[in-house]
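Worksheet: one structure, shown below.
We did not get these values from a lab; they are worked out from the coordinates using the rules stated. Since the structure is predicted, the reported quantities are computational estimates derived from the model, not experimental observations. Cβ atoms come from the backbone with ideal geometry, glycine included; neighbour counts cover every protein chain shown.
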Amino acid sequence: MEKIFIDTPIPVITVTAVSFPDGVGGAYMQLHQLVQGEQKRRFFGISYGSPTGAITYKAAAEEKENGEAEALQADHFIIPAGWYAKEVLLNWKQDETMVGKTFQHLLQHPELDPRGFCLEEYPNEKDMVCLVKLNSGD
């Protein structure tokens, strides 16, 4: 596990999955329909728990211009700048159980922001960067 610093907030367009984990694929299909034909952009997954234990999952795509989510009549979220704990999963689709295990490990970080969330970034078709927001950093 390493720590990284995201130096600027990242505004994203989001589509909330109707359920977790079953609705995640549908949320990404809906998101890709919204931004189809658009310029190359970064894709993310954002998840957080509720007091009842349910997990909310949002498929997300980086906004290319301010107000893009509103123009598409989609939800908007800002990935905040700051320190994150990070692990990279190579070929994660070969064993999808490693995603949950990795986040369980990251959520044990002593500097974890209790108001934070789990963040996935997809640098390509087969790899995933898993991140959790931290309170502070060195």
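Size of the chain from its Cα atoms: along the principal axes, largest to smallest, the extents are 40, 32, 31 Å. Amide H contacts of residue 57 (H built 1.01 Å from N, in plane; Pro and chain starts excluded): 17 sit under 5 Å, all sequence-distant by 5 or more or on other chains. Which part of the stretch 102-128 falls in the paramagnetic zone of residue 94, meaning amide N under 14 Å from the point 7 Å along Cα-to-beta-carbon? Residues 126-128 qualify, since their backbone N sits under 14 Å from the label point.
For the chain, the 222 nm mean residue ellipticity estimated from helices alone, with every DSSP H stretch of n ≥ 4 adding -39500 (n - 2.57) and the total spread over all residues, rounds to -5000 deg cm²/dmol.
Charges at C-beta only: +1 for Lys and Arg, -1 for Asp and Glu. How large is the resulting dipole of the chain about its Cα centre, in Debye rounded to 20?
160 debye
Compared with the dominant Cα axis of the chain, that is its longest principal axis, helix 97-106 is turned about 60°.
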